[in-house]
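I have placed the structure first, in the form of structure tokens, so that the comments after it can refer back to it.
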Amino acid sequence: MSEATLTETSIPQQRLVVTEIPGPRSREIHERRRAVVPPGVHSVLPVYVERAHDSIVVDVDGNHLIDVCGGIGVTTIGHTDEAVVAAAAEQLGKVTHTLFTMTPYEPYVRVAEYLAQHVPGSTPEQPYKTLLMNSGAEAVENGVKIARKHTGRPGVAVLEHAYHGRTMLTSSMNHKAAPYALGYGPRAGNIYKAPNSYPLHDGLSGAEAAARTIAYLEKVAGAEDLACLVVEPIQGEGGFIVPADGYLPALADWCRENGIVFIADEVQAGMARTGTVFSIEQFGVEPDIVLSAKGIAGGLPLAGITGRAEIMDKSQPGGLGGTFGGNPVSCAAAVAVFERIDSEGLLAEAKRIETVFGGGLRELQGKHPAIGEVRGKGAMLAIELVQPGTVEPNAELVSQVIAYAAERGVILLSSGVSNQAIRFLPSLKMTDELIADVLSVLDEALTAHA
Ligand SMILES: *Cc1c(COP(=O)(O)O)cnc(C)c1O
């Protein structure tokens, strides 16, 4: 098969709305779905997608929507990237599965090599080692497991506003009980939720916020009982919260002094999204373990747990793994993503998006007092909507703006424990023209609902 028959390169990078949204065909499929899919699997925007390329998704009614969500930061290098599709197709025709823990294959090793070269703290003399799994939640589960094995301690520290997944352990680590943990108990034990750094709301410096976090954990958990501290360098579901300067380094120092494994959950912020391969680089921290998933394989399921050798090596043979973990097709796709990041200068593209998109959002902030803050790094940006003149969340306006944009063919997503923010996760290849179009729809929406 040629590349042209495999990909949808012909989709023009333009918004085009031809029916109401969702359209009649989407509504018909949605009715069928209701009969056979439980409501717990909720779709934010029930527009059924037929195909997609780069920043445009085409629904079953022929609408071309601008995707500013990217499957929540998964299609970082765009939908159906030609190199990813070609690499996955080639691997699919060679071998789709053997089970790495039975008879292994090279693409897994190549993914581990790339991660060893890019995780801050890893060196050629002492490279970090990687276990591959399927999902972000599995990455978190295994990070905790490995930290417990290494330290022999039970405690898991997390931060308020955190999100780490929907498995039994990770749902207990999230800030929000509803919808993630409520009714699914008993919840996992030995989890301690400490105050985070949220500059817009706490007004604390990084040092002050870290002192508060540490004091809480020392009192409530006891440092010597903690196996790990799991932090998202930029909190994702929590509202794209960028901690104050110095906060993360102070936590990392405290972890080192107390033998606590510092785990950076980079599932959403990692993989070139913020302008560096891992966002934690920008905070000057060398984590003991880094977790990757979402954007790592251009849309295929894959997750990495990458850590210091002495920590990773504590597990006995057979203690780590899983049937599909590090699937060869996903690994081949990930290698293609890594090559794309390097060959296409995608880190610089993330910076372009920060300038163009972030700059545009700041202009809107000057015009719309409901925008309390514009924040984020690279192509991980958000606006927090407030009651004008206060920092009180304005969840109603968030919903109104998102609904207004959806009707006009722009896919946006909220974020934050009070739904106080709209987050933007564009493809790193999103054109300046598309960004301008998204900004104009946002401007209209904020004007319409002012
Ligand atoms: C999405 C997410 C997860 C969970 O990943 P899944 O692949 O959905 O299991 C964990 N941590 C963070 C920071 C995430 O954004």
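So here's what we get for this one:
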quantity	calculated
Within the range 24-78, tally of residues that are within 20 Å of the chain's Cα centre (by Cα), within 16 Å of the ligand (Cβ to nearest atom) and either part of a strand (DSSP E or B) or surrounded by fewer than 15 Cβ atoms within 10 Å (Cβ to Cβ) (or both)	4
The range 125-161, residues that are under 26 Å from residue 328 (Cβ atoms), more than 11 Å from the ligand (Cβ to nearest atom) and not hydroxyl-bearing (Ser, Thr, Tyr)	127, 129, 131, 132, 142, 145, 146
Residue list for the range 235-286, filter: touching a Ser or Thr at 6+ places or on another chain (Cβ under 6 Å) and either free of Cβ contacts under 8 Å to residues at least 60 places away in the same chain or outside the structural domain of residue 161 (by TED's automatic domain parsing) (or both)	243, 244, 247, 266, 270
Residue pairs meeting the criteria (Cβ under 6 Å; at least 6 apart or on separate chains; first farther than 17 Å from residue 435 by Cβ, in the range 67-86; second basic (Lys, Arg) and surrounded by fewer than 24 Cβ atoms within 10 Å (Cβ to Cβ))	83/340
Filtered residues of the range 162-201 (kept if away from the ligand (no atom under 12 Å from the Cβ) and among the hydroxyl-bearing types (Ser, Thr, Tyr))	172, 184, 192, 197, 198
Test set (1) surrounded by fewer than 17 Cβ atoms within 10 Å (Cβ to Cβ); (2) within 16 Å of the ligand (Cβ to nearest atom); (3) hydroxyl-bearing (Ser, Thr, Tyr) - residue 205 fails condition number	(2)
Within the range 362-377, considering residues that are of a type in the set (A, V, I, L, M) and not in a helix (DSSP H, G or I), the one farthest from residue 242 (Cα to Cα)	370
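Each row is one residue, and each column tells you yes or no for (1) away from the ligand (no atom under 12 Å from the Cβ); (2) among the charged types (D, E, K, R); (3) more than 22 Å from residue 137 (Cα to Cα).
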| position | (1), (2), (3) |
| --- | --- |
| 244 | yes, no, yes |
| 255 | yes, no, yes |
| 268 | no, no, no |
| 273 | no, yes, no |
| 276 | yes, no, yes |
| 279 | no, no, no |
| 282 | yes, no, yes |
| 292 | no, no, no |
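The values are calculated or read from the model by the stated rules, or taken from the named source; none is laboratory data. None of these values were measured; they are calculated from a predicted model. Methodologically, a virtual Cβ is constructed for each residue, glycine included, from the backbone with ideal geometry; neighbour enumeration extends over all protein chains shown.
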